[in-house]
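Notes for the one structure printed next.
The values are calculated or read from the model by the stated rules, or taken from the named source; none is laboratory data. None of the values given here were measured: they were computed from a predicted structure. Cβ sites come from the backbone with ideal geometry, for glycine too, and all protein chains shown count toward neighbours.
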């Protein structure tokens, strides 16, 4: 057992160093810079198309005869079930714990420009998707790279990194954080990690074996429910402490932009953790959610792009802000933060400060629902990648391995899992961002044509 702990400590140190390099200034510039470039190239599409996005999501443009497997809204909720997860609770708390309140500002910035990134990637995913004879859809950056840019090798690289990332960001991180959040509320539950992991894995298997339609139906019910309950509790805390909200925003902006308030080196940490956790939460630029949006029933690629760009807004600007403001308003950061509380447990502590044990319960069960839905949705992303790389025969073995790793994720130390996820994230983002930059002109042409035809 001691040898195992020593090995895990060594792996944590090594992956921590690699993650630090992976999320250095070049990666930050590439991710945020691509979003800024697309924002200007598409003339602030996230502002111009905001109301049209809502109209599409409401069902105004649904046509059951269009090619695809799920409705516009079902595709959005499937993608949101992957993005609204651990990042909204544990990710935000981790960013504030290590990067200070200023990290929240950089999460917001990442989300705003990420709306243009998401719009671009999902428009391309629908344009270059493959519809099989049985009506099933395969799409995503690997198909965009292969069919849109004639770069099949780079498409394979993206699929490989996505396959690896699915085990981290989509699986083990979620399972680990579920246990972390539940342990804070129920301290003795840590003794039953194996049983809990097996139970979660069994439920995951029942859902994912049904493919995208069952996943979409599950997401359409669970995502709105869990978001309303969690945000409702956060809004109650903010309402009861409304007089502290202006000071909370001042603290966030001060620590993001004012080196004298933040302290030496703190702004750099805020940028690093804010961008990394922002991308982890809304996945803008990673290329994961285009695989869900590619399955939408539509003959207009741009239309699903408008739907997709709402993801970062809902995920980060709304849901992540709830967690962040509660932590800052309740003063649960900095010197007031208990040393052993970092991830989901820090968020539970902040909610508990105002709502008592009920607040901790909201976070624990919210995190359980969030994490479970993310595990389910990311299995779809992984099996699309497995299919692209190895053919249809690889889908079932992948799903079995993926389900088993839910149990493994419950055991691995939190820091090691986060490091693994950060490394995998940036590796899959690079090929995707290359495709977005090279095909930005095509997306602009498609967008201008859609708008000129009066579709908005």
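Odds and ends about this structure:
- Of all residues in segment 271-295 being in a helix (DSSP H, G or I) and under 13 Å from residue 308 (Cβ atoms), the one that is modelled with the lowest pLDDT: 282
- Any hit, segment 415-422, residues being buried (at least 20 other Cβ atoms within 10 Å of the Cβ), touching a helix residue (DSSP H, G or I) at 6+ places or on another chain (Cβ under 6 Å), touching a residue at least 24 places away in the same chain (Cβ under 8 Å) and under 29 Å from residue 225 (Cβ atoms): yes
- Index of the failed condition, residue 173 passing every other in (1) surrounded by 24 or more Cβ atoms within 10 Å (Cβ to Cβ); (2) under 16 Å from the mean Cα position of the chain (by Cα); (3) over 16 Å from residue 343 (Cα atoms): (3)
- Test result for residue 77, in a helix (DSSP H, G or I) and surrounded by fewer than 24 Cβ atoms within 10 Å (Cβ to Cβ): no
- Any hit, segment 108-122, residues being free of Cβ contacts under 8 Å to residues at least 40 places away in the same chain and more than 15 Å from the chain's Cα centre (by Cα): no
Residues are listed down the side, and each one gets a yes or a no for (1) surrounded by 13 or more Cβ atoms within 10 Å (Cβ to Cβ); (2) more than 30 Å from residue 299 (Cα to Cα); (3) in contact with a strand residue (DSSP E or B) (Cβ under 8 Å, 6 or more places away or on another chain):
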site	(1), (2), (3)
5	no, yes, no
17	no, yes, no
41	yes, no, no
45	yes, no, no
61	yes, no, no
70	yes, no, yes
81	yes, no, no
89	yes, yes, no
93	yes, yes, no
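- Residue count for segment 110-136 satisfying the condition of being at pLDDT 90 or above and either in a loop (DSSP other than H, G, I, E, B) or within 16 Å of residue 325 (Cα to Cα) (or both): 2.
- Residue ID - modelled with the lowest pLDDT, chosen from residues in segment 175-213 that are in contact with a helix residue (DSSP H, G or I) (Cβ under 6 Å, 6 or more places away or on another chain) and farther than 21 Å from residue 405 by Cα: 184
- Filtering 405, 433, 442 for residues that are over 23 Å from residue 74 (Cα atoms), surrounded by fewer than 18 Cβ atoms within 10 Å (Cβ to Cβ) and modelled with pLDDT of 85 or more leaves a single hit, 442.
- All positions within segment 138-158 that are touching a residue at least 24 places away in the same chain (Cβ under 8 Å), within 24 Å of residue 309 (Cβ to Cβ) and either in a helix (DSSP H, G or I) or within 22 Å of the chain's Cα centre (by Cα) (or both): 138, 139, 140, 141, 142, 143, 144, 145, 148, 155, 158
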